[in-house]
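So the structure is just underneath, and the comments pick up after that.
The values are calculated or read from the model by the stated rules, or taken from the named source; none is laboratory data. Treat the numbers as computed from the prediction; the structure is a model and nothing was measured. Heads up, the Cβs are rebuilt from the backbone with ideal geometry, glycines too, and the neighbour counts pull from every protein chain shown. Protein only, heavy atoms only, side chains kept; ligands, DNA and RNA dropped before computing areas. Shrake-Rupley method; radii C 1.70, N 1.55, O 1.52, S 1.80 Å.
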Amino acid sequence: MPTTVNAYAAPSASEDLIATTIERRDVGPDDVMIDIKFAGICHSDIHTVRGDWGPQSYPLAPGHEIAGIVTEVGSNVTKHSVGDRVGVGCMVNSCGECKNCEAGEEQYCLKGNTGTYGATDRDGSITQGGYSTHIVVTEDFVIRIPEGIDLDVAAPLLCAGITTFSPLKHWGAGPGKKVAVVGLGGLGHMAVKLAAAMGAEVTVLSQSLKKQEDGLRLGAKHYYATSDENTFSELAGSFDLIINTVSATLPISDYLGLLDLDGALVNVGAPAEPLPVNAFALIGGRRSFAGSLIGGIRETQEMLDFCAEHHLGAEVEVISADKINEAYKRVLASDVRYRFVIDTSTLN
């Protein structure tokens, strides 16, 4: 019989999240049950439960930055054992057969990956996320959290970490490269840490200078305010790579002008509105405007191992479950440095 567990869920797109219970499926032969210890709050959670990215089925428990301990494994499971420290990110399944899945790029599954919450699961139910005490996931989508990273600071790495690590790696961030990070929030602060650890020269482009001290502490060499009209002229043609982490409409053509020849601006933020681009901003410097979506399971494990090696974790503010709605308001007001993480023991 399915297991009933405590959770926090949105009853509708317009209501606050409330304490409730949800059901988890029985542990099948290929499944792992995880006792969730911490769950990060991602801006995507807010977009999703509010229906910004399309209609949802309610009640919906969000959360795709999950860190915990394995408590049960199925008879066929070989990758994980009871007591292991593990995580679950933005997806819990994929077709496993298409060329992208076979290449380890499950996030780009041609049949569509199964999101950790708000997606149709293999049994036809709607997936429910990490704002809960337990989750059951097929073993191939459970990731080992190395020793040396505490579970609370590891949880946001399962989304914010891999979302920024993947494009930094793909576009070659490293020694001799100049990388700009647009926005110093949940995604941006991890982009700064990771790019600096990769050896790149990092610049933060933020609306104001109020987080300048933090940006430099996290590994940036330079910090500029985009509200200063001189910034775009002063930095024109400066960067090999720009990672845009902002989930808001920006004047993308202005940012493209900051790229050097053959530079790339990669969007990882997902604003609800389209981003207009002037073709001449691309043509003039053989520049690229691209996007990147999280990373595959193999690359996510690589990211966690990299973070352990370099002693990296997210900057977190741990909260109790009854503070989730307040945290949502603070996220929307950019009043968090830099990721809220729910202590899921407070759900009991």
(request) Taking only the range 298-348 into account, find how many residues are open to solvent by 40 Å² or more (accessible area, probe 1.4 Å), outside any helix (DSSP H, G or I) and of a type in the set (Ser, Thr, Tyr). (result) 1
(request) Mind listing whichever residues of the range 88-118 are under 29 Å from SER12 (Cβ atoms), in contact with a Leu (Cβ under 7 Å, 6 or more places away or on another chain) and open to solvent by 20 Å² or more (accessible area, probe 1.4 Å)? (result) TYR117, GLY118
(request) Within the range 94-120, track down each residue that is without any contact (Cβ under 8 Å) to a residue 60 or more places away in the chain and on the phi > 0 side of the Ramachandran plot. (result) GLY96, GLY112
(message) Could you go through the range 94-114 and let me know if any residue there is touching a His at 6+ places or on another chain (Cβ under 8 Å) and not charged (D, E, K, R).
(response) no
(request) Return a yes/no flag: does the range 133-143 have any residue that is in a loop (DSSP other than H, G, I, E, B), over 16 Å from the mean Cα position of the chain (by Cα) and acidic (Asp, Glu). (result) no
(request) Read through the list (1) assigned to a loop (DSSP other than H, G, I, E, B); (2) over 23 Å from ASP35 (Cβ atoms); (3) at pLDDT 95 or above, then give the number of the only condition that GLY124 fails. (result) (3)
(request) Just one of (1) closer than 24 Å to ILE162 by Cβ; (2) of a type in the set (Gly, Ala, Ser); (3) open to solvent by 70 Å² or more (accessible area, probe 1.4 Å) trips up ALA220, so point out which. (result) (3)
(request) Please enumerate the residues belonging to the range 25-56 that are acidic (Asp, Glu), crowded, with 20+ Cβ neighbours inside 10 Å and either assigned to a strand (DSSP E or B) or modelled with pLDDT under 95 (or both). (result) ASP31
(request) Tell me which residues, restricted to the range 223-247, are of a type in the set (Gly, Ala, Ser), open to solvent by less than 40 Å² (accessible area, probe 1.4 Å) and outside any loop (DSSP other than H, G, I, E, B). (result) ALA225
(request) Mind telling me which of the residues ALA220, ALA197 ends up being without any contact (Cβ under 8 Å) to a residue 60 or more places away in the chain and at negative phi? (result) ALA220
(message) Please go through the range 6-24 and give me each residue that is surrounded by fewer than 20 Cβ atoms within 10 Å (Cβ to Cβ), within 25 Å of ASP52 (Cβ to Cβ) and either polar (S, T, N, Q) or under 21 Å from the mean Cα position of the chain (by Cα) (or both), ordered by number.
(response) SER12, SER14, THR20
(request) For the range 81-104, indicate whether the set of residues that are in contact with a Ser or Thr (Cβ under 7 Å, 6 or more places away or on another chain) and part of a helix (DSSP H, G or I) is non-empty. (result) yes
(message) So LEU261 passes all but one of these: (1) over 19 Å from the mean Cα position of the chain (by Cα); (2) part of a strand (DSSP E or B); (3) buried (at least 21 other Cβ atoms within 10 Å of the Cβ). Which condition number does it fail?
(response) (3)
(request) Sort through SER288, SER292, SER320 and tell me the only one that's hydroxyl-bearing (Ser, Thr, Tyr) and over 29 Å from GLU102 (Cβ atoms). (result) SER320
